[in-house]
Structures are given as structure tokens and as C-alpha cells.
Amino acid sequence: MASRYGKMSCADRAKQFMPFDALKGFREALAEKERIVVARRELSEEQKSELDLKLHQIKKKDIVVVEFFCNGEYAKVTGMVTGIDEISRVLKILDTSIDFDDISDLH
């Protein structure tokens, strides 16, 4: 007896067994909910002046380690300085742009 539907291609047959995510974005939402939000640290005047001095000493193509505040947490980036915009107050490490005001430590 011949099938009414014809033969299914291998690609179509494989699609039947692909994982199905009934709640799109649910895993991401859970991960975001579990993320611990940290309060921003206030730097003392001494720390601010030390950081300002370090910012004025670095130049393009220097390798630096920057700790900065981003989206409720502190992150560290190590890389080559690709730009320093003193007017916009932005430090660029490879593809990452960091506001001077968000920087908490610089090596």
C-alpha cells in the first residue's frame, strides 16, 4: 500500500526531533532573576585623584586591566586601549566602551 503523503526528506524528518522551547526566553529570564545586583561603590577623593592620574598616564596601545560598574555588577576587562576620549569621558578597550565615571580600578 502506497503512502498518501509521499516520502519525507531527511531534513524534514530531522526537524521533528529538534528540541522545542515552549517558553521562549524563560531560561534567560530565570538567569536574570538569579543575578545578584551589587550597589555602586563610592570612591574617596584620594581614590578619584589616583584614578584620574592613572587615566592621564595611559595611551593608545597600552595593555590595561579595568574594573568598572556595569548593569548592577562589577566587571573586569583586560585588553589593549584603542581610544581615550577625554571630551566624552570614555575609555575604549578593544570593542568595550567604558565611561570614566564607571571605572573603579585601573592597572
- Query: Simple spin-label model, 7 Å along Cα-to-Cβ: Ala75 to Gln47 in nm?
  - Reply: 2.0
- Task: For region 9-107, give the magnitude of the charge dipole about the Cα centre (Cβ charges: +1 Lys/Arg, -1 Asp/Glu; no others), in debye to the nearest 20.
- Result: 580
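Do you know the relative contact order of the chain, to the nearest whole percent, from alpha carbon pairs under 8 angstrom that are 6+ apart? Could you put the intermediate results ahead of the total?
Working: 109 pairs, mean separation 23.0, N = 107.
Result for the chain is 22 percent.
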- Message: Give me P(r) over the chain, computed from all C-alpha to C-alpha distances, binned every 10 Å, as integer percentages.
- Response: 12, 30, 18, 12, 11, 9, 6, 3, 0
- Message: Give the aspartates and glutamates reachable from Lys24 as a straight Cα distance under 18 Å; neighbours fewer than 8 places away on the same chain don't count.
- Response: Glu32, Glu34
- Query: What is the helix-to-structure angle for 45-57, meaning the angle in degrees between its Cα long axis and the longest Cα principal axis of the chain, kept from 0 to 90 and rounded to the nearest 10?
  - Reply: 80
- Query: How high is the FRET efficiency between Thr96 and Leu30 when r is their beta carbon distance and R₀ equals 35 Å, given to the nearest 0.05?
  - Reply: 0.85
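A short reminder: the numbers here are calculations on the coordinates, not readings from a lab. Here the structure is a predicted model, which is why all the values come from computation and not from measurement. Please note: Cβ atoms are built from the backbone with ideal geometry, for glycine as well, and neighbour counts cover all protein chains shown.
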